[in-house]
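> Sharing a structure here in structure tokens format.
Every number in this text was worked out from the coordinates using simple rules, so none of it is lab data. Since we're looking at a predicted model, the values are computed, not measured.
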Amino acid sequence: MVSGDDPSVEMAMAQKLMAMVMVNELDFLVVTGDYFESFAYQDFFLSLDELDIDIPEELLLYSESSENPEVLPYGIDLGSSPLLKELGLIQNHGLTLGVVINTIRPENVIAIINLLLYG
């Protein structure tokens with residue numbers, strides 16, 4: 001979430017993130033791998049099967065959640081995103097997009113995914 005080793009900053013950011021999700025201010029998150037696994041397991045992300053979009057299988061990241069032991073696609077690997085490469089945002093750590101489970105703007109999420117994956 002944030003760089004550095006200060007646990008109080010990490011906790012504050014996590015609390016702010018949860019508050020933003022609860023009031024529907026966020027529709028998706030772009031996170032690194034460890035955070036993706038944690039958020040997916042905590043039922044933070046919507047299964048991508050629930051969106052009306054075709055995502056290449058090789059870009060899907062799967063996880064189980066605490067509520068559903070079935071392994072489902074909850075993330076999209078953004079490592080090959082032409083837009084993120086052009087902006088210089090692809091670094092040594094992988095970036096994953098996850099759709100927030102209570103999104104109220106799925107059409108916007110689909111547009112963002114298409115922009116990130118296809119330019």
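> Calculate the all-directions average of the projected area of the chain's alpha-carbon convex hull, and give it in nm². Walk me through the numbers before you get to the answer.
Values: hull surface 30.7 nm².
Taking a quarter of the hull surface, the average projection is 7.7 nm².
> Taking each full run of DSSP H in the chain as one helix, which ones are at least 20 Å long along their axis (Cα atoms) and have mean Kyte-Doolittle hydropathy of at least 0.0?
Length and hydropathy pass: 7-22.
> What relative contact order, as a whole-number percentage, does the chain give when Cα pairs under 8 Å and 6 or more residues apart are counted? Kindly include the intermediate steps, with their values, before the conclusion.
Numbers: 166 pairs, mean separation 37.7, N = 119.
After rounding, I find 32 percent.
> Rounded to the nearest 500, what is the chain's calculated 222 nm mean residue ellipticity when only DSSP H runs of at least 4 contribute -39500 (n - 2.57) each, over all residues?
Counting only the DSSP helices, I get -11000 deg cm²/dmol.
> Residue by residue through the stretch 50-57, what is 3J(HN,Hα) from phi via Karplus (6.51 cos²θ - 1.76 cosθ + 1.60, θ = phi - 60°)? Round to whole Hz and write x for glycine and proline.
Those phi angles translate into 8, 9, 8, 8, 9, 10, x, 3 Hz.
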